[in-house]
Amino acid sequence: MSVSTDRKSMQPMVGARRFGSVNWLGVWTLYMKEVRRFMKVITQTVAAPVVTTLLYLAIFALAIGKFRPDVHGVPFIEFLAPGLIIMTMIQNSFANTSSSILISKVQGNIVDILMPPLSPGELNVGIATAGVTRGVVCGLATALGMWPFIHLEIDHLWAVVFFAVGASLMLSLLGMMGGIWSEKFDHLQAVTNFLILPATFLSGTFYSVTQLPDFAYHITQYNPIFYLIDGFRYGMTGHADGSIEIGVAVVLAVNAILWAVCHMMLKRGYRLKA
């Protein structure tokens, strides 16, 4: 009795992706790994930022709020609240991706991310969306913490959702770039202190940029974070210091550029592969 064999069928398909063009299971696993990483220490990654933001609100409300006039017809505290919420989202989206990548590099387990059958695009999706998740969770938690003390409304739901997700994605991608570029925690801290915090604080988080001198106002128009804060505030209060249409275009364009840069860095293994 003879048994015929097809030699071609017996040869292993080296490098073949047996799960299709997109490794959905791998992307989901990476995403859940990153989400569980920050949820496991939720008091540090979510509760602490919320408490810090509420302290900002308390200081402004108790010490300054009563002396500040309305801002373009919006009570000062209600004008301030959206800025504080989006600031919390920005900072935590950046912190999630940057710390995850840098800690993996320092501990030497970055190979656990690079070795699985995940393309650069799939790595980008898994890590970035986890950063977006943390930003949105922190934003929701902050809004819920403010709810008993401030009258919060949503004037334009689409703007709230778009700029919340857009802000979280933008800083999540910036965090990836910062984590990949940094070789030690001092490098990452420098990015945070000299880039992220100044860009956030000088973009109208605590005030209307129309109150700035002309030269300072024009500078803010070139700061993408200004459009994130202004658009989110427009969604909640109906007031905007800049053009919402330009803000939408800037967010889409900047996120597309940052996504492409992160993809290139992951594809080349920049400062990730020995």
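The lone criterion from (1) part of a helix (DSSP H, G or I); (2) open to solvent by 30 Å² or more (accessible area, probe 1.4 Å); (3) under 24 Å from Val125 (Cα atoms) left unmet by Lys273 is number (1).
Within the set Phe185, Phe201, Phe163, the sole residue that is aromatic (Phe, Trp, Tyr) and surrounded by 18 or more Cβ atoms within 10 Å (Cβ to Cβ) turns out to be Phe163.
Just to be sure, is Leu62 open to solvent by 40 Å² or more (accessible area, probe 1.4 Å), closer than 18 Å to Pro148 by Cα and hydrophobic (A, V, I, L, M, F, W, C)? Please lay out each step first, then the result.
Details: open to solvent by 40 Å² or more (accessible area, probe 1.4 Å): yes; closer than 18 Å to Pro148 by Cα: yes; hydrophobic (A, V, I, L, M, F, W, C): yes.
So Leu62 passes the test.
If you check Ile154, Ile150, which single one turns out to be more than 30 Å from Ile103 (Cα to Cα) and open to solvent by 40 Å² or more (accessible area, probe 1.4 Å)? First the steps, then the outcome.
On the way: Ile150 fails: open to solvent by 40 Å² or more (accessible area, probe 1.4 Å).
Residue meeting the stated conditions: Ile154.
When you look at Ala190, is it open to solvent by 10 Å² or more (accessible area, probe 1.4 Å), out of contact with any helix residue (DSSP H, G or I) (no Cβ under 9 Å at 6 or more places or on another chain), assigned to a helix (DSSP H, G or I) and among the small types (Gly, Ala, Ser), yes or no? When the stated conditions are applied, Ala190 passes them.
Inspect all residues belonging to segment 169-179 and state whether any of them is among the aliphatic types (A, V, I, L, M) and more than 17 Å from Gln91 (Cα to Cα).
So the first thing to find is which residues in segment 169-179 are among the aliphatic types (A, V, I, L, M), and the list is 169-171, 173-174, 176-177.
If we keep only those that are more than 17 Å from Gln91 (Cα to Cα) too, we end up with none.
The answer is no, given that none of the residues of segment 169-179 is among the aliphatic types (A, V, I, L, M) and more than 17 Å from Gln91 (Cα to Cα).
When Asp186 is tested against (1) over 19 Å from the mean Cα position of the chain (by Cα); (2) touching a residue at least 60 places away in the same chain (Cβ under 8 Å); (3) within 18 Å of Ala95 (Cα to Cα), only condition (2) is not met.
Which of (1) in a helix (DSSP H, G or I); (2) modelled with pLDDT under 95; (3) within 30 Å of His239 (Cβ to Cβ); (4) open to solvent by 70 Å² or more (accessible area, probe 1.4 Å) does Val106 not meet, given it meets every other one? Status for Val106: all satisfied but (3).
Given the criteria of a type in the set (Gly, Ala, Ser), in a helix (DSSP H, G or I) and open to solvent by less than 50 Å² (accessible area, probe 1.4 Å), does Gly242 qualify? Let's see the steps before the verdict.
On the way: of a type in the set (Gly, Ala, Ser): yes; in a helix (DSSP H, G or I): no; open to solvent by less than 50 Å² (accessible area, probe 1.4 Å): yes.
The answer is no for Gly242.
Criterion first (modelled with pLDDT of 95 or more, open to solvent by less than 50 Å² (accessible area, probe 1.4 Å) and more than 26 Å from Ala256 (Cβ to Cβ)) does Thr133 satisfy it? Full working, then the answer.
Values: modelled with pLDDT of 95 or more: yes; open to solvent by less than 50 Å² (accessible area, probe 1.4 Å): yes; more than 26 Å from Ala256 (Cβ to Cβ): no.
It is false that Thr133 is modelled with pLDDT of 95 or more, open to solvent by less than 50 Å² (accessible area, probe 1.4 Å) and more than 26 Å from Ala256 (Cβ to Cβ).
So is Lys8 modelled with pLDDT of 80 or more and among the charged types (D, E, K, R) or not? No, not satisfied. Here Ile113 does not qualify as at pLDDT below 95, out of contact with any Asp or Glu (no Cβ under 8 Å at 6 or more places or on another chain) and under 30 Å from Ala216 (Cα atoms). Only one of the numbered conditions (1) touching a helix residue (DSSP H, G or I) at 6+ places or on another chain (Cβ under 7 Å); (2) in contact (Cβ under 8 Å) with a residue 40 or more places away in the chain is not met by Gly242, and that is (2). Which one of the conditions (1) open to solvent by less than 80 Å² (accessible area, probe 1.4 Å); (2) modelled with pLDDT under 95 does Val14 fail to meet, given that it meets all the rest? Among (1) open to solvent by less than 80 Å² (accessible area, probe 1.4 Å); (2) modelled with pLDDT under 95, the lone unmet condition for Val14 is (1).
The values are calculated or read from the model by the stated rules, or taken from the named source; none is laboratory data. What you see is a predicted model, and the numbers here were worked out from it, not measured in a lab. Here the Cβ is made from the backbone with ideal geometry for all residues, glycine too, and neighbour counts use every protein chain on show. Only protein heavy atoms, including side chains, enter the accessible area calculation; ligands, DNA and RNA are left aside. Shrake-Rupley method; radii C 1.70, N 1.55, O 1.52, S 1.80 Å.
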